[in-house]
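See below for the structure under consideration.
The values are calculated or read from the model by the stated rules, or taken from the named source; none is laboratory data. Values in this document were obtained by computation on a predicted structure and should not be read as measured data. Please note: Cβ atoms are built from the backbone with ideal geometry, for glycine as well, and neighbour counts cover all protein chains shown.
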Ligand code: NAD
């Protein structure tokens, strides 16, 4: 790492209950996926650290007056966090690139998004209004919202700084304490962000960051009685396990889970835009994106020409060094994950699929040192094939033709997932009809993978529950309370 990147990594310590110190878990090396060089030695947390962090967070939450600050005072701290992120923008983007190997152009966008998220929720908390409800007696009735207490935020490795911010900003704005558990393989941006939060004035103990194993640290957080909410982003099976444990504690959870998003191209679409949009939808972030458009349905009359254009485009994508400004795809996150992607491609071929491009590790330009994988397109499969049903989380696209809207809708909705979908057409009535009938939390029409912090995001079906973003996103970190104010001097009638 160069000095700009490492300036944010003060030591291998982690933040436990307001103290930067070594965790008691097994230390490990954080690797740069592009060449496997060591970024840093990280001292992992263990279950005792998790319990200590939760207890310290609960104590700090009660003693520090964080929850008692006026909304505009907490908003000021969030604005300072955003300012500090902006001031360290390039260093954070480079650190995040080292953390998970995404191209630098993409990690810059994630850092900008993180700063904007803090600003947005600062604005939300400052402008949030409570209500006087219509009273039905000699009393005034009010509905207000209170913080929950200690929130555990558990995040994946694919966009660490942005997904951390999406949980930390609303949770802190709402007046909670947060224990953040980043993915084991991407601790760097989360630790750097914690230092900026401290510098901005988040009280000691109100935020802890615990890199380590999900099955140990994450599990200890979920089970701890003082944790009042889990905000989780990750795989569906892990999310389901968390929801089961949360049910026993009657604890709210928000779950942002996996996807197998369909993209639909109608014959009347603007073909140039659709080709670009489909390539971006599946291959940006090397397909390591919950919303990757990994199932493509193309109307049969344009199928051959569209797929030929797509394959041509995929072969031209620049896969390589994430520090280069013109790189479009970096490496996959780990060697183990690349092997899992390779197994899926082999399975697709066994299931009768035809490989149109990719299906290999690209060679040359030092790429053998990292976990690179070429953009891969298969066709000849049915929607029931396992590679059309299971989330691969890599640069693998399955293409299927369709004849009519009825069969298309059955197949597009024929998935346990329901995270996102894309439609390419110039017929606005059809876009409306199909968009409303898709069983997904987000639909993009003549665009893909675009986001606004002001617009809610979340999944249907096995893609999750709860919503992040949007001004109601802050309510996910609050609990409602009703207040009745007696306005009659006479005693209650029953007592007489
Ligand atoms: P993962 O589920 O393996 O891990 C996510 C987080 O959960 C990590 O911090 C991990 O350490 C922790 N964890 C693992 N086991 C745990 C347990 N038993 N108890 C508590 N915590 C545990 O997911 P991943 O491989 O890091 O990320 C990829 C997945 O995340 C994909 O399925 C992807 O679709 C999903 N994802 C969803 C969204 C969304 O917004 N819907 C966004 C990004 C990623």
If residue 46 passes every condition in (1) surrounded by fewer than 16 Cβ atoms within 10 Å (Cβ to Cβ); (2) modelled with pLDDT of 95 or more but one, which one does it miss? (1)
Residue check, residue 303 more than 28 Å from the chain's Cα centre (by Cα), outside any loop (DSSP other than H, G, I, E, B) and more than 27 Å from residue 38 (Cβ to Cβ): yes
Do you know which residues across the stretch 313-348 are over 27 Å from the mean Cα position of the chain (by Cα), in contact (Cβ under 8 Å) with a residue 12 or more places away in the chain and farther than 22 Å from residue 278 by Cα? 347
Considering the stretch 454-473 alone, what residues qualify as being crowded, with 21+ Cβ neighbours inside 10 Å and out of contact with any strand residue (DSSP E or B) (no Cβ under 7 Å at 6 or more places or on another chain)? 473
Might you check whether a residue that is part of a strand (DSSP E or B) and either under 28 Å from residue 446 (Cα atoms) or in contact with a strand residue (DSSP E or B) (Cβ under 9 Å, 6 or more places away or on another chain) (or both) occurs anywhere in the stretch 330-353? no
Elements of type strands (runs of 3 or more DSSP E) in the stretch 379-451, at least 3 residues being surrounded by 22 or more Cβ atoms within 10 Å (Cβ to Cβ): 396-402, 420-424
Please determine, by comparing only the residues of the stretch 239-249 that are surrounded by 19 or more Cβ atoms within 10 Å (Cβ to Cβ) and over 15 Å from residue 459 (Cα atoms), which one is farthest from the ligand (Cβ to nearest atom). 246
Could you please find all residues in the stretch 148-167 being touching a strand residue (DSSP E or B) at 6+ places or on another chain (Cβ under 7 Å), outside any loop (DSSP other than H, G, I, E, B) and more than 9 Å from the ligand (Cβ to nearest atom)? 150, 151, 153, 164, 167
Residues to consider are 424, 485, 432; find the one that is closer than 30 Å to residue 112 by Cα and in contact with a strand residue (DSSP E or B) (Cβ under 9 Å, 6 or more places away or on another chain). 424
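One line per residue, one yes/no per condition, for (1) closer than 14 Å to residue 52 by Cβ; (2) more than 14 Å from the ligand (Cβ to nearest atom); (3) not assigned by TED's automatic domain parsing to the domain that holds residue 90:
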| residue | (1), (2), (3) |
| --- | --- |
| 196 | no, yes, no |
| 206 | no, yes, no |
| 209 | yes, no, no |
| 212 | yes, no, no |
| 231 | no, no, no |
| 237 | no, no, no |
Meets criteria (farther than 30 Å from residue 25 by Cβ, within 16 Å of the ligand (Cβ to nearest atom), at pLDDT 95 or above and in a helix (DSSP H, G or I)) for residue 284: yes
Checking the conditions here, which among 219, 272 is out of contact with any strand residue (DSSP E or B) (no Cβ under 9 Å at 6 or more places or on another chain), in the same structural domain as residue 23 (by TED's automatic domain parsing) and at pLDDT 95 or above? 219
